[in-house]
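All remarks here apply to the structure that follows.
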Amino acid sequence: LQIQLSKRGTELVIQDDLPEVTCDRVRIKQVFENLIDNANKFMGEENDKPKIEIGFHAESPDADGDKGDFFEFFVKDNGIGIQKEYHEKVFEIFTRLGDVEVEGTGVGLTIVKKIVETHGGKIWLDSEVGKGTTVYFTLPKIRM
């Protein structure tokens, strides 16, 4: 993705101590590629300092609310943001943001969600229009 990031002048910051996880390496690479590509696409033309950050938190609540079984990863941008009404819908197939024109089919986040869930994790986002988006997803520390 370096070419696309360079064209827009996007700074990519990756946390130094990302953990190793047991996973389908090709599929998790696809998750990160899709999230980074989406973040870059939705920066907005007026953004003069586009930035994407990748990181994790060592502990995230699992389905039962217990801490410690999952890593919580995030891909954060300072782009255009997503209206609240789309926060869940963006993970549905062929859903695209209403008034934003970008290349794509509208299936990327659906695929990302399926990959994360197949690995036993969850995915969600936090976003505010004009202030950027952070997509969070969890992966188990130990695969059973």
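Only the coordinates and a few stated rules stand behind these numbers; no lab work does. This one's a predicted model, so the numbers in the text were calculated from it and none came from an experiment. Methodologically, a virtual Cβ is constructed for each residue, glycine included, from the backbone with ideal geometry; neighbour enumeration extends over all protein chains shown.
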Gain in length, W124 to D17, computed as 0.36 nm per residue apart minus the alpha-carbon separation, to one decimal in nm?
36.3 nm
Under the Karplus relation with 6.51, -1.76 and 1.60 and θ = phi - 60°, whole-Hz ³J(HN,Hα) for the stretch 130-136, x at Gly and Pro, equal x, 10, x, 9, 10, 9, 10
Give me the distance in nm between label points sitting 7 Å out from Cα along the Cα-to-Cβ direction at K7 and V107, one decimal.
2.2
If the cut-off is 23 Å between C-alpha atoms, which lysines fall inside it for K141, apart from same-chain ones fewer than 8 positions away?
K29, K67, K76, K113, K114, K122
Tally Lys and Arg at +1 and Asp and Glu at -1 over the other residues with C-beta under 15 Å from the C-beta of N78: what net charge comes out?
-2
At 0.36 nm per residue, minus the direct Cα-Cα distance, what do D24 and D48 gain on full extension? Give it in nm, one decimal, please.
5.0 nm
